1. Return the total of residues in segment 101-115 being surrounded by fewer than 14 Cβ atoms within 10 Å (Cβ to Cβ) and of a type in the set (Ser, Thr, Tyr).
2. Can you name the number of the only condition in (1) in contact with a Lys or Arg (Cβ under 7 Å, 6 or more places away or on another chain); (2) modelled with pLDDT under 90; (3) assigned to a strand (DSSP E or B) that Pro80 fails?
3. Considering only residues that are hydrophobic (A, V, I, L, M, F, W, C) and at pLDDT 85 or above, look in segment 16-38 and name the one that is farthest from Ile51 (Cα to Cα).
4. Out of (1) at pLDDT 80 or above; (2) farther than 17 Å from Asn137 by Cβ, the odd one out for Tyr67 is which?
5. Looking at segment 102-144, which of the residues that are touching a residue at least 40 places away in the same chain (Cβ under 8 Å) and assigned to a loop (DSSP other than H, G, I, E, B) is farthest from Val70 (Cα to Cα)?
6. Check Ala122, Ala149, Ala82, Ala96 and return the single one that is surrounded by fewer than 12 Cβ atoms within 10 Å (Cβ to Cβ), out of contact with any His (no Cβ under 7 Å at 6 or more places or on another chain) and hydrophobic (A, V, I, L, M, F, W, C).
Amino acid sequence: MTTRASLAGDHTIAFDCPKCRLRTKVGLDKIGHTYHCQVKCSCGNIFSAEIELRERPRKQLDLPGSYEIVDRATPAPTAPEAGSCRVIDLSRTGLAFLKSTGRELKAGERVRVSLTLDDGEATRISQDCEVRHVKGNFVGCRLLTENAALEYYLLS
């Protein structure tokens, strides 16, 4: 079983032992540039940890959605201005999706991504974003506004 470890805010990584729940902090200088490591707890348990170096960790998901371009970085194209996608991760400040249809997006364009969360209420979200990274059909975006429903979802 792999546990997640995250930045503790004081240049340390906090590891929680899955067996005894003891929290251990280790300095970033001792970890280096790795994203996976083995940790030995003082209770004797050895476990794998995945290190999340983002200030605001992302939640991995796989939800169907759609996007529409609301502000173009380039002149009006001939391809559709909207398409379908699968939202694959989400944080308080960004999201990423895999495009299924629609024209190629460019960094700097603004899109509105819509999806239904897999929470108990099937909350419908429509979020304005700025495209930051595009690689093939992968699109990484920065959220342009805060969304209370998203923040609540990320806490669950």
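The values are calculated or read from the model by the stated rules, or taken from the named source; none is laboratory data. Treat the numbers as computed from the prediction; the structure is a model and nothing was measured. Positions of Cβ are backbone-derived with ideal geometry, glycine not excepted, and every protein chain shown enters the neighbour counts.
1. Counting residues in segment 101-115 that are surrounded by fewer than 14 Cβ atoms within 10 Å (Cβ to Cβ) and of a type in the set (Ser, Thr, Tyr) gives 1.
2. Result: Pro80 fails condition (3) only.
3. Filtering segment 16-38 down to residues hydrophobic (A, V, I, L, M, F, W, C) leaves 17, 20, 22, 26, 28, 31, 37.
Still in the running and at pLDDT 85 or above: 17, 20, 22.
Numbers: Cys17: 14, Cys20: 19, Leu22: 17 Å.
Here the residue is Cys20.
4. (2)
5. Looking at the filtered set, the residue picked out is Asp118.
6. Numbers: Ala149 fails: surrounded by fewer than 12 Cβ atoms within 10 Å (Cβ to Cβ); Ala82 fails: surrounded by fewer than 12 Cβ atoms within 10 Å (Cβ to Cβ); Ala96 fails: surrounded by fewer than 12 Cβ atoms within 10 Å (Cβ to Cβ).
Among Ala122, Ala149, Ala82, Ala96, only Ala122 is surrounded by fewer than 12 Cβ atoms within 10 Å (Cβ to Cβ), out of contact with any His (no Cβ under 7 Å at 6 or more places or on another chain) and hydrophobic (A, V, I, L, M, F, W, C).
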